Amino acid sequence: MPMDLPLSKLVSDDGSHVHRKIFTDPALYELEKQHIFSKTWIYMGHESQIPKVGDFITSFIAETPVIVSRAGDKEIYVTINSCSHRGVPVCRADQGNTRRFVCPYHSWTFNNKGDLVSIPQERKVCNKPDKAELGLKRVPRVETYKGLIFACMDENVEPLTDFLGEMAWYLDCFFDRFDGGIEVIGSPHKWTINCNWKLPVENHLGDIGHGPYLHGSILQGTPQVQELEDTGLNVVPKPGHGLSVRLMPEGTPDEMCMFGMDGVAGMDPEVNQYLRESHKKVTERLGEVRSRLKPLCYSVFPNLSFLWPNMTLRTSHPRGPGQIEYWSWFVIEKNAPEHIKEKLKIHYTMMFGPGGLLEGEDAEAWSQQFSGSNIDYADDRTYYYGLGLDEEESHPEIPGKVGSCFNEHYAREFYLQWRQRLEQGIQETSKLEIK
Ligand code: FES
Ligand code: FE
């Protein structure tokens, strides 16, 4: 165990104290890959990115590259993007449509399911390799929820809907909001940030408290901040997952409940009109309570996040304890008018693209948080995550444990889940070794 500290000293039993080393320690990072990323449902992409047979996108499970493709049987297959001959990636594009993946080194060729279909050199030798044994390694479990594609390296993982639990009720608020569904537009923005992978996830789980301060030049004194303080709630629908919402009081007029960055940064009146129109069917589709819910940000354990007002899905792909590749997609109602999609995409990019006004401030905070956690001569006291400790409770209208918008229970539950999964993984591995 790194630093001779047991996991219970890294995250206290109530989650209110977290050791800085969980963000920096290389040995812990290896354990995370082994016991968290290989055992948990990991977000791969959205079905709207691969609607047709032959469509594919690439993604990662931790640092392992994968291909996500729609095969001839219309099913989605996830395979490790590493040639079974000598390990070269067989797919070098971010997305596209193909019947075959041809390895650039010796042209071994694989179909969309990862099966090996040809070895050019085979004709010149007498012994014939068994191609059935030489396909790309397949990720054994792939499931979708309302278009969101997840995969897991562990064949025995729980069903995706069990894993999501009550988080699904909140995911539906956006991913099941529109008659025609939603779509992901274009390729993701990708950039690297020198921080630990958990930091952006923690931020999107419910760290609303930084808004008026870190983003003070944009947000301080705005009606949105007041609304957040009056109606904001931090929710943990299932330990590890979390979100922030504003639950508007009963009887609030529709225009005060619609989703989107209404009124912020000079939002176009035409867009606000679209947002008003798109809100009209919400009660019918999702019920009265969810028509009053204005979510802000979500995270699904371990590394998927979603920002509502700007409609962006993002994944924090680890690249060692101190670096991430951050991927961010714009998502929107599929049937929205094209010019509205365009305007909202520009708004997303301005705020949360790689050079976005808010994103830049967050990324700087995460990288400084990482550096600050990695300094020499730091004391061994833990970080305090105890704001609102034990104040979270059930809510009469919405599922999960609910606290005020400054209650840090979302982070406590995330790090306890992190600790529990590592403890369980280590225990199971030691059992295997004893056998
Ligand atoms: Fe892929 Fe040789 S490494 S064909
Ligand atoms: Fe922020």
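Points to keep in mind about this one:
- Summary of packing: across the peptides 356-367, 195-206, the per-residue average of other C-beta atoms within 10 Å ranks them, highest first, as 195-206, 356-367.
- Zero-based 10 Å bins, Cα pair distances in the chain, whole percents: 4, 20, 30, 25, 14, 5, 1, 0
- Accessible surface, per residue, of the stretch 167-423 when the full set of protein chains is kept, probe 1.4 Å, Å²: 38
- Note that the stretch 211-222 has calculated 3J(HN,Hα) couplings of x, x, 9, 4, 9, x, 5, 9, 9, 4, x, 7 Hz, one per residue in order, obtained from phi through the Karplus relation 6.51 cos²θ - 1.76 cosθ + 1.60 (θ = phi - 60°); glycine and proline are x.
- Dipole magnitude (debye, nearest 20) for the chain, charges at Cβ of Lys, Arg, Asp, Glu: 2180
- Cβ-based net charge around Val201, under 11 Å, with every Lys or Arg adding one and every Asp or Glu removing one: 0
- Once the Cα atoms are used to define both axes, helix 409-434 deviates from the longest principal axis of the chain by about 30 degrees.
- Percent accessible area from carbon and sulfur atoms, the chain, protein chains only, probe 1.4 Å: 50
- Rolling a 1.4 angstrom probe over the protein heavy atoms with all chains in place gives the stretch 42-143 an accessible area of 50 Å² per residue.
The values are calculated or read from the model by the stated rules, or taken from the named source; none is laboratory data. Just so you know, these numbers come straight off a predicted model, no measurement behind them. For neighbour counting, all protein chains shown are included, and Cβ atoms are generated from backbone atoms with ideal geometry for every residue, glycine included. Calculation scope for accessible area: heavy atoms of the full protein, side chains included, ligands and nucleic acids excluded. Shrake-Rupley method; radii C 1.70, N 1.55, O 1.52, S 1.80 Å.
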